Ligand SMILES: [Mg+2]
């Protein structure tokens with residue numbers, strides 16, 4: 001089953017309402033879809049969203065990355081192509097120069113081809129014996145306090161009880177928002193995501209103000225490069241600290257865990273370069289008894305599908321699933337392997 005064609009398409013999915021974090025504001029999900037066809041007729045699909053603010057890759061960079069290695073993957077069988085994609089070569093090699101998201105899109109298309117050739121669904125290919133229902137958090141975008149509390153209540157009425165609340169640099173606003181949501185929804189699990197917007201002093205003040213409230217975790221309070229600051233916060237905090245932007249790959253994860261700079265790691269396929277790389281981090285975290293979040297950017301249905309299949313296979317180490325993009329689509333996607341109704345995600 002040699003690869004005979006690799007094609008790319010640019011796709012857009014309108015959102016119900018704009019998605020706002022400390023880093024960006026998004027009205028449409030914009031992504032590149034890569035379609036790999038083999039001589040035997042099998043087709044594997046992968047996706048990479050444009051998230052320039054986070055991975056440095058916009059649509060142009062992703063297209064350019066994929067185009068630069070098409071000739072290397074062409075005529076290979078998928079298992080060999082996957083090996084070539086993840087091979088460590090010197091830094092001038094074309095494959096080493098491609099972006100993480102572009103690499104992830106190719107990795108997922110190739111894995112899909114391999115699982116299809118073995119005639120098994122992806123979750124089985126990743127090692128799970130059986131399908132289970134999953135639960136994702138839902139994002140509450142950064143806004144005025146009243147709007148955020150209303151959004152949290154609406155999510156709760158729809159059965160969503162794990163809320164990922166996006167906060168900005170204004171610590172007083174952050175404190176007021178979280179206290180108000182916690183009071184309004186005492187049984188909700190609240191995950192706080194500052195997307196690097198705080199400094200250490202502000203974060204410690206926030207933690208003090210959260211005493212008496214039940215908060216699940218605080219995600220990436222300070223700049224990704226400020227591991228020392230993150231460690232100071234982790235040592236001080238009785239709320240678990242989750243590293244997101246500070247961890248792209250296995251080396252980053254090891255550094256954060258070995259230095260005890262955070263309690264948990266947020267793994268995203270688009271940061272680490274695909275499923276095979278995510279599995280390396282998951283296996284490492286499992287060996288260290290560290291629990292993870294499996295997160296995503298604002299993504300299309302195919303890359304969310306693959307992340308969900310992976311979440312099933314690693315349910316013992318993935319404590320939180322942050323794969324709520326389909327809930328934010330204006331129209332329901334027909335390309336999902338899963339139903340997103342209320343709080344449970346079920347396999348179709
Ligand atoms: Mg985050």
Checklist entry - Normalized C-alpha radius of gyration of the stretch 3-124, against 2.2 N^0.38 Å? => result 1.12
Next on the checklist: Can you give me the orientation-averaged projected area of the convex hull built on the Cα atoms of the stretch 133-186, in nm²?
Outcome noted: 3.6 nm²
Item to check | Contour excess over end-to-end distance, with Cα ends at residue 208 and residue 287 and 0.36 nm allotted per residue | outcome: 25.2 nm
Checklist entry - Quick one: if the Förster radius is 41 Å, what FRET efficiency do residue 331 and residue 254 give, using the C-beta to C-beta distance and rounding to 0.05? => result 0.50
Checklist outcome for this item: Here the equivalent ellipsoid of the stretch 152-211, derived from its Cα gyration tensor, has semi-axes (largest first, whole Å) of 22, 12, 9
Next on the checklist: Let's test this: bin the Cα-Cα distances of the chain at 10 Å from zero up to the farthest pair and state each bin's percent.
Outcome noted: 5, 26, 35, 24, 8, 2, 0
Next on the checklist: Could you check the spin-label model distance between residue 201 and residue 7? Points 7 Å from the Cα along Cα→Cβ, value in nm.
Outcome noted: 5.8 nm
Item to check | Rounded to 5, percent antiparallel among DSSP beta bridges of the chain | outcome: 50 percent
Checklist entry - Is the stretch 72-208 rounded, prolate or oblate when judged by the Cα gyration tensor, a ≥ b ≥ c being the square roots of its eigenvalues, rounded requiring a/c under 1.5 and prolate requiring a/b larger than b/c? => result oblate
Checklist entry - Can you list, bin by bin at 5 Å, the percent of alpha carbon pairs in the stretch 190-348, starting at 0? => result 2, 9, 19, 20, 18, 15, 10, 6, 2, 0
Checklist entry - Can you give the extra length, in nm with one decimal, that the chain gains between residue 64 and residue 236 once fully stretched, where that is 0.36 nm per residue apart less the Cα-Cα distance? => result 57.5 nm
Checklist outcome for this item: Given a Förster distance of 35 Å, the FRET efficiency implied by the Cβ-Cβ spacing of residue 133 and residue 24, rounded to the nearest 0.05, works out to 0.65
Checklist outcome for this item: Nearest-0.05 FRET efficiency for residue 187 and residue 39 at R0 = 51 Å, using Cβ-Cβ distance, is 0.40
Checklist entry - Once the convex hull of the C-alpha atoms of the stretch 63-102 is built, how many Å³ does it hold per residue, rounded to a whole number? => result 68 Å³
Checklist outcome for this item: the stretch 168-244, Kirkwood Rh and Cα Rg, ratio Rg/Rh at 0.94
Item to check | Pairwise centroid distance, computed over Cα atoms, of the stretch 82-156 with the stretch 299-320, Å | outcome: 6 Å
Checklist entry - In deg cm²/dmol and to the nearest 500, what is the mean residue ellipticity at 222 nm of the chain if only DSSP H runs of at least 4 residues count, each as -39500 (n - 2.57), divided by the residue total? => result -12000 deg cm²/dmol
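Every read-out reported here was derived from the displayed coordinates using simple, explicitly stated rules and does not represent laboratory data. Just so it is clear, the structure is predicted and the values come from calculations on it, not from any experiment. Every residue, glycine as well, gets a Cβ built from its backbone with ideal geometry; the counts of neighbours run over all protein chains shown.
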